[in-house]
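Structure, as structure tokens:
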Amino acid sequence: MTFFGTPDKITMASAWIAAGSLLLGCLALRLAYLKRAGVSLSAKAKLKGMMVIGVVVLLLGAGSAALRGRTTVSDDYSVYVPAGLQPAQKYPLVVLLSPGGDANQMIEHWKGVAERFKWILLASKRFHNGDSPLGVFNDVAALVRENRLKLPIDEKKIIASGISGGAMGSHMFVYEHPDLISGVIANTGMIDKEYATYPNYPRGKFVAFLASPTDFRYGDMQGDRRFLEGLGWKTEWIEFQGGHVLAPPSVYEQAAEWVSRQF
């Protein structure tokens with residue numbers, strides 16, 4: 001698997017768009033000239049004009065597609081790579097956990113943040129409430145450390161995020177791999193009470209809590225905030241309306257802005 005958006009591809013996309021725009025401009029000028037000159041176009045000439053317009057549309061479409069991000073899917077996870085990444089640079093990675101392994105939902109909800117902040121997304125299909133998550137955590141850690149994804153990931157800027165049980169899993173991921181996960185964005189989910197009793201719980205990381213006052217986990221998340229602040233974590237508390245659901249994209253952007261300042 002290779003990432004999308006290298007300078008060569010971006011340059012090629014820009015060339016397609018420029019060529020298509022130039023061709024369309026020339027055609028428009030030619031038609032305007034003929035109209036002013038009182039020339040009546042034959043059916044054949046009109047057909048040729050339409051063919052040229054079709055070519056222009058294809059060029060512009062190809063260029064636009066090349067400048068968009070790409071989702072790559074496997075049996076175990078989905079990966080979204082935003083457009084415009086440079087191979088000489090490294091970028092943050094967000095590991096996304098859904099309580100039902102709905103990788104597509106997580107990717108779609110996060111795309112706007114990924115494009116704006118140039119964050120790579122990896123959403124697990126194997127993580128499910130009720131199943132041991134340790135295999136998922138270990139496999140994701142190996143993917144990153146061994147660079148199996150062939151992506152320009154900054155290993156110092158990896159966070160875990162999820163909703164409900166996925167948020168709980170994100171907290172677990174930090175505990176199981178504290179050397180890999182820098183922080184958490186927790187959407188209406190709590191820390192597993194057993195994990196909170198472990199004396200070697202990681203210290204000095206960061207977490208953005210996305211909480212809803214009508215969510216049944218609201219009080220638990222307030223307790224998690226006090227617990228983590230006691231361990232030297234930096235915390236951000238962001239509230240939204242709606243209960244036990246994914247926070248709106250604008251809330252995720254607010255969280256991402258804060259997280260970007262913690263790296």
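Readers should treat all values here as calculations from the given coordinates under stated rules, not as data from a laboratory. Bear in mind the structure is a predicted one, so any value in this text is a computation, not a measurement. Here the Cβ positions follow ideal geometry from the backbone for every residue, glycine too, while neighbour counts run over all protein chains shown.
Some observations on this one:
- GLU229-ARG70 pseudo-label distance in nm [points 7 Å out on the Cα-to-Cβ vector]: 4.5
- The alpha carbons of region 194-251 stretch over 35, 21, 14 Å along the principal axes, in descending order.
- Length available on full extension from GLU253 to ASP139: 0.36 nm per residue minus the Cα-Cα distance, which gives 38.2 nm.
- Percentage, to the nearest whole number, of Cα pairs in region 133-202 over 19 Å apart: 32
- Segment ALA88-ASP179, extension gain: residue separation times 0.36 nm, minus the distance between their alpha carbons: 30.4 nm
- Pairs over the 27 Å Cα-Cα cut-off, from the set LYS193/LYS234; LYS111/LYS193; LYS90/LYS111; LYS157/LYS234; LYS90/LYS125: LYS111/LYS193.
- A cut-off under 13 angstrom between Cβ atoms defines the neighbours of VAL207, and their net charge, with Lys, Arg +1 and Asp, Glu -1, is +2.
- Computed on region 70-262, with alpha-carbon pairs under 8 angstrom and 6+ residues apart, the relative contact order is 18 percent.
- Gyration tensor verdict on region 70-262 (Cα atoms; rounded if a/c is under 1.5, prolate if a/b is larger than b/c, oblate otherwise): rounded
- Taking label points 7 Å from Cα along the Cα-to-Cβ direction, SER132 and ALA196 give a separation of 2.5 nm.
- Cut-off 15 Å between beta-carbons: net charge of the residues surrounding TRP119, Lys and Arg +1, Asp and Glu -1: +2
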